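Worksheet: the structure to be examined is printed underneath.
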Amino acid sequence: MEGELNASSQVSDESQRPRNPFSPWVFARTLWLFSESDFATFVVPDTLFGICSALAGPVLTANESPDLLAILLRLPQVLFYNWANLLIFDLANQRLPEAVEEDRLNKPWRPLPTGRITDSQTRRLLLVSLPIVLAVNWLLGAWKETAFLYSLSWMYNDLKGGDEDFIVRNMIIGLGFGLYNGGSLSIACGSGYLAMLKRAFWSVFWPACKLAFIPKNITSGYAETGIFPYNPSLVLDIIIKAQPTEPYVASGSPKTPMIGRAVRRLQKAYKKAPSEPLVAKLFRANERLTAENSIGTHMILGLTAALREEKRRKKRGKRLNLLGEEESGPQFFSPGRVTAARTWQAEKEEENNTT
């Protein structure tokens, strides 16, 4: 009985194997069978979360006014992000020997139980898919989430984290859902390199340049500016010609000149067009300059007196005898020298009073 079951399973496996496993359709079908059973539980809700969160605007993102059309156009990118990362997880999970035996009983339609692909082929496919998915998600702006998902997949499958107690298993799955949602939101908001950045500029610029840089547009540009055919009036006629400036005429209440240049300018204006306002301005300038000169002279005299007093005060500090003569060594005074010193001091005080 057991031999008949094995034989029947081998016959069913042979019947489900593709005739040409290298055709694009068969390869795409194989990839889909790896992720089919998890598509509804991972890809659909995570994609909806990213799109709806991006549309929420300032509630969840920094975008004050989200663009509905732009976000919906990023829906294929969000779908690819979730499906590609799910494919990596399924390849790593379903290639394990115990997973293959389990799928033979519970999910016999998967590629490994049906013989569409071997264990070694699945391992090589995983080796090729890892850098490709990471590079594409780097362009989409979610490479960090993808790198963390790789780590969680390694912990769940190869390190047997999924076989541990429910706490470790649910912790890994919960972190995975958070990374799926975060990457979906990041791509839906347009934070990747597929937004208009330097890396994508050339692919957008060059087609537009080829459409615009044509002989018709070039000749039209030369003709509109009068370069060819030569017609300078097309430009000169629209240029506003500068109006000649009128000579200086003093206003009703002109300002009084306070510097030499302004006085000379006012004199030239008076010679060209004599008028009473100009004469009045000259008189006011003379009065103000005279007043300022008087104030300046008074200040100079005051400062000179202050400097003289300061010098006299400093001079008091020197050791002089009663006659005002500098001497070094001991000083001796006779009654006659004392009388002469008193006379000299009186003359000095009288001189100070007169100044």
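The values are calculated or read from the model by the stated rules, or taken from the named source; none is laboratory data. Fair warning: this is a prediction, and the values are worked out from it, not measured in the lab. Here the Cβ positions follow ideal geometry from the backbone for every residue, glycine too, while neighbour counts run over all protein chains shown. In case anyone asks, the SASA skips ligands and DNA or RNA and just uses the protein heavy atoms, side chains included. Shrake-Rupley method; radii C 1.70, N 1.55, O 1.52, S 1.80 Å.
In region 24-196, the portion of solvent-accessible area held by carbon and sulfur atoms comes to 69 percent [1.4 Å probe, whole percent, DNA, RNA and ligands not counted]. One equal scatterer on each Cα of region 260-306, no solvent, Debye formula: the resulting log10 I(q)/I(0) at q = 0.17, 0.25 Å⁻¹ is -0.58, -0.85. Residue-wise HN-Hα couplings along region 118-129, as the Karplus relation 6.51 cos²θ - 1.76 cosθ + 1.60 with θ = phi - 60° gives them from phi, are 9, 4, 5, 5, 5, 5, 5, 4, 5, 4, 6, 6 Hz; Gly and Pro carry x. Once both labels are positioned 7 Å from their Cα atoms along Cα-to-Cβ, the gap between K268 and I167 label points is 9.5 nm.
The 3J(HN,Hα) values that the Karplus relation (6.51, -1.76, 1.60; θ = phi - 60°) gives for region 171-181 are, in residue order, 5, 5, 5, x, 5, x, 4, x, 5, 4, 5 Hz. Gly and Pro appear as x. Residues in region 24-196 average 52 Å² of solvent-accessible surface per residue, probe 1.4 Å, ligands and nucleic acids excluded.
Per residue, the accessible area of region 260-306 comes to 79 Å², computed with a 1.4 Å probe over protein heavy atoms only. Note on surface exposure: K311, K210 rank K311, K210 by accessible area, highest first, 1.4 Å probe.
Using per-residue counts of other Cβ atoms within 10 Å, averaged over each peptide, order 100-112, 289-301, 174-186, 267-279 from highest down.
Numbers: 100-112: 15.5, 289-301: 10.5, 174-186: 20.2, 267-279: 12.6.
Top to bottom by mean Cβ count within 10 Å: 174-186, 100-112, 267-279, 289-301.
Less than 15 Å Cβ to Cβ from S35, Lys/Arg counted +1 and Asp/Glu -1: what total charge do the surrounding residues give? Please report the intermediate quantities before stating the final value.
Details: positive: R29, R95, K107, R110, R116; negative: E36, D38, D46, D90, D103.
Surrounding charge for S35 is 0.
Couplings for region 212-228, taken from phi via the Karplus curve 6.51 cos²θ - 1.76 cosθ + 1.60 with θ = phi - 60°, read 8, 8, 10, x, 4, 5, 5, 5, 5, x, 5, 6, 5, 9, x, 7, 8 Hz in order; Gly and Pro are left as x. Annotation for region 263-291 versus region 127-141: alpha-carbon center distance of 84 Å.
Show me the ranking of peptides 233-239, 87-93 by mean Cβ neighbours inside 10 Å, starting with the highest.
Working: 233-239: 9.3, 87-93: 21.3.
My ranking of the peptides, most packed first, is 87-93, 233-239.
Highest-first packing order for the peptide set 30-43, 213-226 is 30-43, 213-226, based on the mean count of other beta carbon atoms within 10 Å. Short-range pairs are left out: with C-alpha atoms under 8 Å and at least six residues apart, the relative contact order of region 24-196 is 31 percent.
For L130 and R104, what is the calculated FRET efficiency with R₀ set at 25 Å and r taken between the beta-carbons, to the nearest 0.05? Show your work: numbers first, answer last.
Details: r = 26 Å, r/R0 = 1.06.
Efficiency for this residue pair is about 0.40.
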